[in-house]
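Engineer: Submitted below is the structure of interest, expressed as C-alpha cells.
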Amino acid sequence: MIAPRLRSLLLWIAVAAICVFCLVPFYWLINVSLKTGTDLSNADLIPPSPSLDNYSSIFENNDFTSALRNSVIITTITTALALIFGSFAAYALARLRFKFKFLILAIVLSISTFPPIAIAAPIFKLWTDIGIYNTYTGLIVPYLTFALPLAIYILASFFKEIPKELEEAALVDGATHFQAFRKVVLPLAAPGLVTAGLLTAFFVWNEFLLAVTLTSSPSAYTVPVAVANFTGSTEFEVPLGTISAASVVITIPLVVLVIVFQKRIVAGMTAGAVKG
Amino acid sequence: MNVLRLAAILIVAALFAVAGCGDDDDDGGGSGASDSQAVTESRAQGDVTWCIGKDTTGAFTTVIDNFNKANPDANVELLELPESADDQRRLQIQRLRAESAQCDVLGVDVIWTAEYAAQNWLLDVSDAIERQADAFIPSTLETAKYEDKYWAFPFNTNAGFIYWRTGQDGGPKPASWEQMYQQAGDASGFIYQGARYEGLTVNFLELLYSAGGTVVDEGGSEATADSEEVRNVLTFMRDGIDSGDVPKAVTTYMEEESRRAFEGGRATYMRNWPYAYALGKDSQIADSFDVTTFPPYEGNPGAGVLGGYNLAISAFSENPEGSLAFIEFAVEPGQQEIQATEASLPAVVSEVYDMPSVKKALPFATDLRDAVEQAQPRPVSPVYPQISEAIYTNVYAALQGDKSPDQAAQDMNADIQDALETF
Amino acid sequence: MEASTARLGRRWSRGGRRYGTGERRLARAMLAPSLIVMALVAAYPIGYAIWLSLNEYSVRVPGLSRFAGFDNYSEAFSSPEFWDAVTVTFLFTVISVGIELAVGLGMALAMHEAFKGRGLLRTVVLVPWAVLTVVSAITWRTIFEPNLGLAPQVLSALGLPGADVVWLGETGWSMAVMVLADVWKTAPFMALLLLAGLQVIPNDVYDAAKVDGATTLQRFRRITLPLLAPAILVALIFRTLDALRIFDLPYVLTRGANDTTTLSLLSYQELTTNRLIGYGSALSVLTFAIVMGVSFLYIRLVGGNIRSLVADER
C-alpha cells in the first residue's frame, strides 16, 4: 500500500508534469502571438514589447470571422448528425441480430482509412458536377462520412457495456426496441456520446485537405483554410504572429466546450452508478 | 428494399460508372486535348476570373479595379488561392484536370508553365507576345516558352541576392563565392536555403550555372548532370559545411529561417530573394546590412535563377479574348509600376526599373534588373517537379555527407534521365 | 428475477423468426442513414482512385493514357523509396502510439482521481488537441529552430547537451521531434477515450478488492486494465490508423528529409507533385491496404473484443 501522503505527492507531481507538457508549446504560441515585426526573429521567452496587434488584425479580417462562423455551423451540424446516425447504427450493431454484421463493420472502418489525398480530386469533380461545390452541404457530407466510423465504434462499445437486463426490463414493460434505445440505453451511454461528439467535433474543426479542395471563396472557408490564407507581406513570409493569434483565439471556444460538457460526463457517470 | 442490398448496389453501380467514364478526361478525344488552341485577339469584355495566390498587399486588386474602370464592358474578379505555392498548384491542376471553366486567367509560377503547357491546359499566346516582345526582359520570356511557342505572359520576376552584414559585426563585400565562404568562416558564417526542397535546387543551380554547367541538355531529352561542374559544385558546397564556413543548420533552412537567422545576427552572409530586403530594413539590423548581386564563381560571372509568376489563359476558359485583354493590361508599364511599388514584386518590363517611384521603393532596382537579366530559368520541362526532386534529394544527400559528390552526381544524372523518360 | 429473465430469454430465442424479422427490419432502418451516406460519398471516389491505379497517365503527352494492370503496383514493390516509406511509417507508428498510450493512460488516471482542480486539469489536457494540426506542426518546427527556437534556448540555458544539435537536420532526431509533436497532440485523444472507459468502472469493484487486501498495483493490473481493455482497443485502433497515415507532421517539419518520408507523404509527392496519377493512386491504394491489414491483424490478435462488439450472445 502506498502511504496516502506519498500517493498525494506523486499525484501532484504527475499533475504538474502533465500541465507543463500540455501547456508549454501553447505558451510558446501565445508568446509568438504577442510579438510583432522584428521581435518574431528573436527567440525571447517573453515578448519584449507585447502588443495585441495580431489579434486586432485577425478580427478586422472579415474572412477570418466568417470562417469562424462557417466552422462553427459545419462542425455543429456534422457532430449532431454523426451522433444521431452513428448511435442508430451502433445500436443496431451492438444489440440487434442480423447477418453480415462483421462485414458491415469492416466496410465502415475501411471507409475512414482511405488516404484523403487520393479522393480529394474525384470528390471535387463529382461535387462540381452535382453543384454542391463551395457549399456547406459539400463539406458536411464528406465530413459525416469520415466521422461516422469512429463514432459508430465508440458508441457500439459503450452500448455493449450497458447491461442487457435494463433494456429487457423495458421491453417486458411493453416498450419497443426503439423506445428502449431512446429511453434506457442513450442516457446511460452519455459518456460515450460526449466522447464521440467531442472527437467528431475536433476532427471536423481541424480538417484542412477537403476544406481547401471543396471551397473556393472566403464565404465558404472554414478556419483551417482561412489560417492557411493568412499572409505576410510577401510570398515567402510566414506570418507567425497572426497565425499564432488565430490559433489562440480558436482554442478558447473549444476549451469552453469541454468545460461545459465536463459536467455531462460526471452526470452520466453518477446516473450509471445509481442504476447499476 | 434491404438496406444492405441497396448499399451494395450503389457501390457496384458506382464502380461501373467509374470504369465506364473513368477515362473521359484522358482519352485524346476530350475537349482541348489534341490540338492546342491559340488566342490572338484581345477584347475587353465579359467576365474574367483570375486565380492566383493570396493578394498580400492589395496590389492585385488595384490592377483589377483599374482594368474594370477602364473597360466597363468587362468584369474581372479575383479568386484567391492559398498562400502556399504547393497548394496553389494543386488547386489549379485539380480544376484543369476536371476541365473546369472556373478560372480564366491563372497566376502560374515560372516552373509550372511548361508542365501546364505540355498537357494542353494553356492557350498559345505567341502572337500576342510577339507584338510586344521587346518590352520584356528577355530572360523572363524564356520561362513562358515551351516547344518554341509562348504559353503565358511574364507577370513578375525574381532573382536571388547576397545579403551581407556591414559594420562591426560584418564582413567585406564579397568579391567571389570562394572568397565569401572563406570570409564567412572567419566571421559568423554564410547561410542559404539548404532544406530538402525546391529552394535547394535553386541554390544549387545558381552555383552550377555560374560554373557553366547544366543538368539537362538543350533539347530537354538527356540528362547532363554527371559532369565535372556538378561534382565541383557539390564538393564546394559540402566543403563549406565541413569547414564550418556554412553552419550545419542550413540543412533545415527555408527562406524564412535563413532570413530570421540573418536578422538575428547569426550569420554574416546570406543568399535570399529580394523580399528579405524590406523586412530587414524593418528589423534590428536595419542599418548594418547591404545587398549585392552574385559574385563570380570559378572565375565566371555570377548567375542567378529566375523566380516569379507568369499569367496564362486556361484552355477551358469561356472568355479567352477577355482574359488576354486583362493580361495585356496587367503587364503595361503603369500597372507593373504599381506591383513594384506597392507589393515589391519585381517587374518584367525593363523600363519600369528606371522609374523614380520604383527606384525609391526598391533601392537596389538597377541591381535587380541586372540580376534578372543575367539569370537563367530552371530547366523548362513538363517533368520539372521530378527533375527538381532528383536535384534536391541528391544535393541534400551530398550536403549531409550521406553520398560523396561523385555518387551524388551519378545518381542525380540517373534520376533525371528517369524523369525525362517518364511515360 | 433471474429465473423469469431466463424464461424470457428462452422464449425470445425460440419464436426466433417472428421476433427476428422485426429486429432485422429495425436494424436495417437504423443502419440505413449511415450506410447510405458512406456509400454515396466514398464509393465513387474510392472506386475511381482504384481505377486510376490500374492505368498510367502520361505527364509529357497530353491525353495519352494506357491500361497498366498491376504495373504500378509492381513498380511500387520494386522501389526502394516505397519500402523506406513503409519502414519509416511503421517505426513511427509503433513508437508514437506506444508512447501515446502510456502518456494517455497516465493522464486519464490522473484526471480520474478525485481531487480539487480536476476540472481544470481536464481542460488543460485538451489544449494541445484544440490547436489546429498544421499550426501545431509549425509551432514545433519553430520550437526546434536551430539557435533561435525554444528547445535550443532552454537546453543551452540549462546547460544540457543538445543545444547544438540540428534536430530537424539529422536522421533519427528528426523522427524524435516528429514523435514528440505527435504525442503532444494526440495523447489527449487517448486520455479522453480512456477516461470515459475508466468512468464506467463501478467503484464497488475497487472497494471489494481493497477489502481483500489488494495493492494499488494489483488493483491496477487485475481490475483496471482488463475492464479498460475495450476502451484501450478502440483508442489503439484509431490512433494506429491515424499514425499510419500521418502527413502534416513530416511535411511541415522536414518535407520528408532524414528518413521521415511516410507512406502518405510519398503518395502525395508522387500523386500531386509529380503528377504520376496512376502510380500515386496505386501508392494510396497500397497505403489503404496496409492500414486495413493492420486493423484486421489487431482484430484477430486481440480477438475477443471487436468480435464481441458484434457477436450475438445466446
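Engineer: Average the reciprocal distances over every distinct pair of alpha-carbons in chain B, invert the result, and give the Kirkwood radius in Å. Let's see the in-between values first.
Structural biologist: On the way: mean 1/r = 0.0436 Å⁻¹.
Evaluated over chain B, this radius sits at 23.0 Å.
Engineer: Looking at the protein assembly as shown, send over the antiparallel percent of its DSSP beta bridges, to the nearest 5.
Structural biologist: Values: 28 of 42 bridges.
Once the DSSP bridges in the protein assembly as shown are tallied, antiparallel ones form about 65 percent.
Engineer: Using a Debye calculation, one point per C-alpha and no hydration shell, please list log10 I(q)/I(0) for the stretch A:72-224 at q = 0.09 Å⁻¹ in order.
Structural biologist: -0.34
Engineer: For the pairs A:Lys101/A:Lys183; B:Lys54/B:Lys359; A:Lys101/A:Lys164; A:Lys35/B:Lys281; A:Lys99/A:Lys125, note any where the Cα-Cα span goes beyond 27 Å. Present the calculation step by step, with values, prior to reporting the outcome.
Structural biologist: Details: A:Lys101/A:Lys183 25 Å; B:Lys54/B:Lys359 25 Å; A:Lys101/A:Lys164 19 Å; A:Lys35/B:Lys281 18 Å; A:Lys99/A:Lys125 36 Å.
Distance filter (> 27 Å) returns A:Lys99/A:Lys125.
Engineer: A follow-up question, please. Net charge near C:Ala137: determine it from the other residues with C-beta under 12 Å of the C-beta of C:Ala137, scoring Lys and Arg +1 and Asp and Glu -1.
Structural biologist: Values: positive: C:Arg141, C:Lys185, C:Arg255; negative: C:Asp182, C:Asp248.
Every neighbour counted, the sum reads +1.
Engineer: Among DSSP beta bridges lying fully in chain B, give the percent that are antiparallel, nearest 5.
Structural biologist: Details: 25 of 39 bridges.
The answer is about 65 percent antiparallel.
Engineer: Right, something else. Counting C-alpha atoms alone, how compact is the stretch A:115-183: give Rg to one decimal and Dmax as a whole number, in angstrom.
Structural biologist: Both quantities, over Cα of the stretch A:115-183: 19.4, 53 Å.
Engineer: If you wrap the protein assembly as shown's Cα atoms in a convex hull and average its projection over all directions, what's the area in nm²?
Structural biologist: 42.3 nm²
Engineer: Once phi is turned into ³J(HN,Hα) by the Karplus curve 6.51 cos²θ - 1.76 cosθ + 1.60 with θ = phi - 60°, what whole-Hz value does each residue of the stretch C:244-253 show in order, with x for glycine and proline?
Structural biologist: 5, 10, 4, 10, 3, 4, x, 5, 6, 6
Engineer: Something else now. Using the Karplus equation 6.51 cos²θ - 1.76 cosθ + 1.60 (θ = phi - 60°), what ³J(HN,Hα) coupling, rounded to whole Hz, does each residue of the stretch A:29-45 give in order, writing x for Gly and Pro?
Structural biologist: The phi angles translate into 4, 5, 3, 5, 5, 9, 9, 10, x, 5, 4, 5, 7, 9, 10, 4, 6 Hz.
Engineer: Need the C-alpha centroid separation for the stretch A:80-111 versus the stretch C:67-89, integer Å.
Structural biologist: The stretch A:80-111 and the stretch C:67-89 have Cα centres separated by 34 Å.
Engineer: Ignoring any ligand, DNA or RNA, what whole percent of the accessible area of chain B comes from carbon and sulfur when the probe is 1.4 angstrom? Display every interim value, and only then the final one.
Structural biologist: Numbers: 6700 of 15000 Å².
Its accessible area is 45 percent carbon and sulfur atoms.
Engineer: To test your reading of the geometry: what angle, between 0 and 90 degrees and rounded to tens, separates the Cα axis of helix A:136-161 from the longest principal axis of chain A?
Structural biologist: 50 degrees
Engineer: Nearest 500 deg cm²/dmol is fine: what mean residue ellipticity at 222 nm does chain C get from its DSSP H runs of n ≥ 4 alone, each adding -39,500 (n - 2.57), divided by its residue count? Show your work: numbers first, answer last.
Structural biologist: Values: 15 runs with 228 residues, N = 314.
It lands at -24000 deg cm²/dmol.
Engineer: Can I ask one more? Using alpha-carbon positions, what is the distance between the centroids of the stretch B:345-413 and the stretch A:124-186, in Å?
Structural biologist: When both Cα centres are located, 54 Å separates them.
Engineer: Tell me, what is the FRET efficiency for B:Thr224 and C:Val61 to the nearest 0.05, using R0 = 22 angstrom and their Cβ-Cβ distance as r?
Structural biologist: With a Förster radius of 22 Å, E is 0.40.
Engineer: Could you work out the pair-distance distribution P(r) of chain A from its alpha-carbon pairs, with 5 angstrom bin width and percents rounded to whole numbers?
Structural biologist: For chain A, the binned pair fractions read 1, 5, 10, 11, 13, 13, 13, 11, 9, 7, 4, 2, 1, 0, 0 percent.
Engineer: Give me the three principal axis extents of the stretch B:312-423 from the C-alpha atoms, as integers in angstrom, largest value leading.
Structural biologist: Principal-axis extents of the stretch B:312-423 (Cα, largest first): 50, 42, 19 Å.
Engineer: Further question: Tell me, which residues of the stretch B:118-144 get at least 10 Å² less accessible area when the other protein chains come in, versus the chain alone (1.4 Å probe)?
Structural biologist: Output list: B:Ala118, B:Gln119, B:Asn120, B:Trp121.
Engineer: Could you check the spin-label model distance between C:Leu158 and C:Ser79? Points 7 Å from the Cα along Cα→Cβ, value in nm.
Structural biologist: The two pseudo-label positions are separated by 4.1 nm.
Engineer: Now a separate question. Set the Förster radius R0 to 22 Å, insert the Cβ-Cβ distance between B:Asp370 and B:Gln132 as r into 1/(1 + (r/R0)^6), and round the FRET efficiency to 0.05. Spell out each step's value before the answer.
Structural biologist: Details: r = 22 Å, r/R0 = 1.01.
Approximately 0.50, to the nearest 0.05.
Engineer: Per DSSP H run of at least 4 residues, take -39500 (n - 2.57); add these up for chain B, divide by its residues and hand me the 222 nm value, nearest 500 deg cm²/dmol.
Structural biologist: Details: 17 runs with 187 residues, N = 423.
Rounded to the nearest 500, the figure is -13500 deg cm²/dmol.
Engineer: In degrees, nearest 10, range 0 to 90: what is the angle between the Cα axis of helix A:190-206 and the longest Cα principal axis of chain A?
Structural biologist: In chain A, helix A:190-206 runs at an angle near 30 degrees to the longest axis.
Engineer: Right, another one. Report the net charge of residues surrounding B:Asp127, where surrounding means a beta-carbon distance below 13 angstrom and charges are Lys +1, Arg +1, Asp -1, Glu -1. Mind dumping the intermediate values first?
Structural biologist: Working: positive: B:Arg131, B:Lys149; negative: B:Glu41, B:Asp124, B:Glu130, B:Glu321, B:Glu328.
Within the 13 Å Cβ shell, the charges total -3.
Engineer: Using a 1.4 Å probe on protein heavy atoms only, how many Å² of accessible area do A and C hide from each other, summed over both chains and rounded to 100?
Structural biologist: Values: alone 16390 and 19690 Å², together 27040 Å².
Chains A and C together bury approximately 9000 Å².
Engineer: Under 5 Å between amide H atoms, partner at least 5 residues away or on a different chain: which partners does B:Asp124 have, H built in plane at 1.01 Å?
Structural biologist: HN-HN under 5 Å from B:Asp124: B:Gln37, B:Ala38, B:Val39.
Engineer: On to the next question. Just for the Cα atoms in the stretch A:59-111, what are the lengths along the principal axes, largest first, rounded to whole Å?
Structural biologist: 56, 20, 9
Engineer: What does the charge count near B:Arg43 come to, summing +1 for each Lys or Arg and -1 for each Asp or Glu among other residues with Cβ under 12 Å from its Cβ? Write down the numbers at each step before the final one.
Structural biologist: Values: positive: none; negative: B:Glu41, B:Asp73, B:Glu321, B:Glu328.
For residues surrounding B:Arg43, the net value is -4.
Engineer: I want to check the label-to-label distance for A:Ala17 and C:Asn203. Put each point 7 Å from Cα in the C-beta direction and report it in nm to one decimal.
Structural biologist: Result for the modelled spin labels: 2.7 nm.
Engineer: In terms of the ratio Rg/(2.2 N^0.38 Å) built on C-alpha atoms, what value belongs to the stretch A:1-51?
Structural biologist: Details: Rg = 17.5 Å, N = 51, 2.2 N^0.38 = 9.8 Å.
Ratio of Cα Rg to 2.2 N^0.38 Å: 1.78.
Engineer: On each of the three principal axes of the Cα atoms of chain C, give max minus min coordinate, whole Å, ordered largest first.
Structural biologist: 76, 61, 29
Engineer: Residue farthest toward the positive end of the dipole of chain A, with Cβ of Lys/Arg at +1 and Asp/Glu at -1: which of A:Val194, A:Ala121, A:Thr145?
Structural biologist: The listed residue farthest towards the positive side: A:Val194.
Engineer: Between helix B:320-330 and chain B, what is the angle of the helix's C-alpha long axis to the longest principal axis, kept within 0 to 90° and rounded to the nearest 10?
Structural biologist: Tilt relative to chain B: about 30 degrees.
Engineer: Still on this structure: What FRET efficiency comes out for A:Ser66 versus C:Asp212 if R0 is 45 angstrom and r is the Cβ-Cβ distance? Round to the nearest 0.05. Walk me through the numbers on the way to the answer.
Structural biologist: Numbers: r = 61 Å, r/R0 = 1.35.
My answer for the efficiency is 0.15.
Engineer: Sticking with this structure for a sec: How big is the stretch B:81-228 by Rg and Dmax over its Cα atoms, in Å?
Structural biologist: Cα only, the stretch B:81-228: 19.5, 58 Å (Rg, Dmax).
Engineer: With the crude spin-label approximation of a point 7 Å out along Cα→Cβ, what separation in nm comes out for A:Leu6 versus C:Leu91?
Structural biologist: The answer from the label model is 4.0 nm.
The values are calculated or read from the model by the stated rules, or taken from the named source; none is laboratory data. As the structure is a computational prediction, the values presented were derived from the model and not from experiment. Backbone-built Cβ (ideal geometry, glycine too); neighbour counts: all protein chains shown. The accessibility values were calculated without ligands, DNA or RNA, using every heavy atom of the protein model including side chains. Shrake-Rupley method; radii C 1.70, N 1.55, O 1.52, S 1.80 Å.
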